[in-house]
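Taking it in order: structure first as structure tokens, then the write-up.
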Amino acid sequence: MFLVRTMIYILLAAVLASAVLFGLWLDVHVLQDKLGEISVTETLQAGMLAAIIVIHFKLVNDSAFMRNCNLLIGGFFLAMLIRELDGLFDLISHGSWVWFALFSSIIVIAYTARHPRRTLAELSRYPLTPYYGMMISGLLCILVFSRLFGMHSLWESALGDEYLRVVKNMVEEGAESFGYTLCLTASIAYYFYQLRAERSLNEQPPTVS
């Protein structure tokens, strides 16, 4: 059964990664887009972020012994989604996404801070779950690797007079999107892992004192 689940998760990751590349192909080859704020790639990224948020917020109700941890993770990705949709929030006021992200983060942190020991205990258990490594790898790809690999100066130095901004954008957005596929795959796998763990705890016979 474990082997079957592993193969399913690998297949899921492959499908998501292929969807990312297909989105880039549509943007550049079909739509002749320069990967701006409104593109297939950006829409896929926002969709994956939204799915991650839904999964962890659903686990707030479905997994009692990891409730605060899942709330913090969902809140973290919610702030990332708000940042990803900064162009939409600019219609309200330029840079207003910061205040929305800050407001949502304060609410989540304040709620989990009511039970600090429980929250810390849950956070210490999360790195022990099987899909923590994939989640961290995805975040490193999104927040560190894609940003550094997409530096303007790096690509301008490498390509010189042949420098095209769309090439840099493709590499940066492609790496970022791949990071999102890792985080989403990890979240889906983690969701079913948590449900199995919750079921196992509920099926344990009560101890006799």
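The values are calculated or read from the model by the stated rules, or taken from the named source; none is laboratory data. Model, not experiment: these values are computed from the prediction. As a convention, Cβ positions derive from the backbone with ideal geometry for all residues, glycine included, and neighbour counts pool all protein chains shown. For the accessible areas, the whole protein counts, side chains as well, though only heavy atoms, and no ligand, DNA or RNA atoms are used. Shrake-Rupley method; radii C 1.70, N 1.55, O 1.52, S 1.80 Å.
Hey, what do the phi angles of the range 182-194 turn into as Karplus ³J(HN,Hα) couplings, whole Hz, using 6.51/-1.76/1.60 and θ = phi - 60°, x for Gly and Pro?
5, 5, 5, 4, 4, 5, 5, 5, 5, 4, 5, 4, 5
Please compute the modelled spin-label separation between Trp99 and Leu201, points set 7 Å along Cα→Cβ, answer in nm with one decimal.
3.9
Determine the per residue accessible area of the range 127-200 with all protein chains present and a 1.4 angstrom probe, expressed in square angstrom.
50
Between Leu128 and Leu31, with labels modelled 7 Å along Cα→Cβ, what's the label distance in nm to one decimal, could you check?
Spacing of the two 7 Å Cα→Cβ label points: 4.5 nm.
I want to check the label-to-label distance for Met1 and Asp62. Put each point 7 Å from Cα in the C-beta direction and report it in nm to one decimal.
1.7
With all protein chains present, how much of the accessible area of the chain (probe radius 1.4 Å) comes from carbon and sulfur, to the nearest whole percent?
71
Please name whichever of Leu16, Ser105, Asn68 sits farthest to the positive end of the charge dipole of the chain, dipole taken about the Cα centre and charges placed at Cβ: Lys and Arg +1, Asp and Glu -1.
After comparing all options, I get Asn68.
Would you mind getting me the FRET efficiency between Phe192 and Ile136? Use the beta-carbon distance for r and R0 = 22 Å, nearest 0.05.
0.70
To test your reading of the geometry: what angle, between 0 and 90 degrees and rounded to tens, separates the Cα axis of helix 116-125 from the longest principal axis of the chain?
Here the helix axis deviates by roughly 70 degrees.
To the nearest 10 degrees, how steeply does helix 67-84 sit against the main Cα axis of the chain, on a 0 to 90 scale?
That helix lies at roughly 10 degrees to the long axis.
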